[in-house]
1. For a 18 Å ceiling on Cα separation, which of these pairs sit above it: LYS133/LYS162; LYS402/LYS441; LYS402/LYS443; LYS127/LYS215; LYS215/LYS371; LYS162/LYS190?
2. So how far, in whole Å, is the C-alpha centre of segment 334-389 from the one of segment 152-216?
3. How large is the dipole of segment 85-125 about the Cα centre if only Lys and Arg carry +1 and Asp and Glu carry -1, each at its Cβ, rounded to the nearest 20 debye?
4. Using a 10 Å cut-off on Cβ atoms, rank the peptides 232-242, 200-210, 399-409 from the highest mean neighbour count down.
5. Along the charge dipole of segment 263-409, which of PRO373, TYR401, ILE321 sits closest to the positive end, that is, farthest toward it, with unit charges on the beta carbon of Lys, Arg, Asp and Glu (+1, +1, -1, -1)?
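Just so it is clear, none of the values below were taken in a lab; they were calculated from the coordinates. Here the structure is a predicted model, which is why all the values come from computation and not from measurement. Reconstructed Cβ throughout: ideal geometry from the backbone, glycine too, with neighbour counts over all protein chains shown.
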Amino acid sequence: VTLLLLIDTTTFSQALVVRPSVTKLAKITSTNTNLQMSHHQQQDNTGPKRMKEENPNSNTRVCIVGGGNAAHALAALLPYNGFEDTTMYCPYRDQAAEIQEGLDEQGGYMKAEFAAHNQPSGSIQGKPRLVSKHAADVIPQADVLILPLPSFTYPDLLPDMKPHLRPSQVVIVTPGQGGFDWFARECLGKTLASQITLVGLMPMPFNCRITEFGKNVSVQEFKTKYTMGVSPRSQRDRAQEIVQCLLGGTVEMAGSGNGGFLECTLYPINAIIHPARLYTLLNGSSLSWQPGQVLPENPLFYEDFTPEAAQMMNDLNGELIQIGNALQEQGVSVGAIPHIFDWLACYVYNEPASSNLQQFFQTNAAYKGFKCPLLPADGGFVPDFSNRYFTEDINLGLCGYKGLAELAGVDTPVMDRVILWAQQHMGVELLVQVDGSSDYKLKGKDVAATTNAPQRFCISSMDDLRSLYPKEVVVEETHQTAAR
């Protein structure tokens, strides 16, 4: 089996209002006994020798694409867990040479320090077999490819990988958002994109930071619960077994069991969290910022989370749920889109249902210590509108939602307000008024080049969406969450 993992380095709430019942996620349990679970699921922390003896997939060839935080964590974890044929494809700058130099200085090992509550915990190390800047060295041989990269890298990365990909490989992208399957069809061509298995894995498995490039990474959180979407959906069981084998934990299908890739694009993660926090921080809060102004402090992004940010997150998520409902009602195969509190807080992090979004982000250990994307200036701070919390989560997050909303005929006044505010400071044109109407549409001059709006990929009607995501038999009836 050939596996390709694509992981995005991006980071990933119940608002202070009344919530409806939690959306039920349909659990699909693997029955294939030939695939053993990874070391992450085992209580015995005895290292790679044990894994090699017990894991029949220890010869599976895994290629990690990228050289960022999550790539470092995987480079230590996977060989440690017995995946001895783990390689790294690092095409950016001189990352491959720098990582190889770091590994050589410590016997070929990548080292990771896992916080005490994780499994594994403490210090581990793994030895990647090969690190290369050249796709031809590592991608053709891989069974699984893992990309820990932001979604804005897809348009440049996928064409470089295309000549070296082959049918039956599995490409896993995490956290799986940004319309990856649309980029894959555009960059790889429809034929090749249909011959490999695309997996969107949510959320990102690690909250981690490199402590010494090419050598060491600190892992604060190694998650144990995941949600995934797969294209084609016929490969859901196989993909689920692969992910469980590599990472362990519980893996459920997105959209209450539907498990399609469109759910990955629509799930509420970064594009709900980051814009909501920054809009309320910089536009109407106590820090209310205007161009030319210097802010006195740079607050903590999560520990200083405000009721206004939680409410904005709730409002954005409510519109997202409406989009999913409208698509489903018009014949598109998309399962229930959850509220972020139900899914991220309660399911992924086991937050009590009696909690709320503000409390969750303020107190969860996985979100400690992150500052807002502000830059030092004149004794204070100014917003960094080139930060990916803007360029990725607006252009490749909210714009994707907005594009689907336009196709489905759903009004999104809250999303519109956030996008309009962000675009004036980012210096781009995304939403514009058309033909004297008071409504805003994704017709700006920068939509085609900088966003993941479906219209960019010639998905311009509901018929196009129904063709891409044909409706099948419903896996399980659920109670849909509504805006809170």
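1. Pairs exceeding the cut-off: LYS215/LYS371.
2. If we compute the Cα centre of each part, the gap is 24 Å.
3. Taking the Cα centre of segment 85-125 as origin, the dipole is about 180 debye.
4. 200-210, 399-409, 232-242
5. Projecting each Cα onto the dipole axis, the largest value belongs to PRO373.
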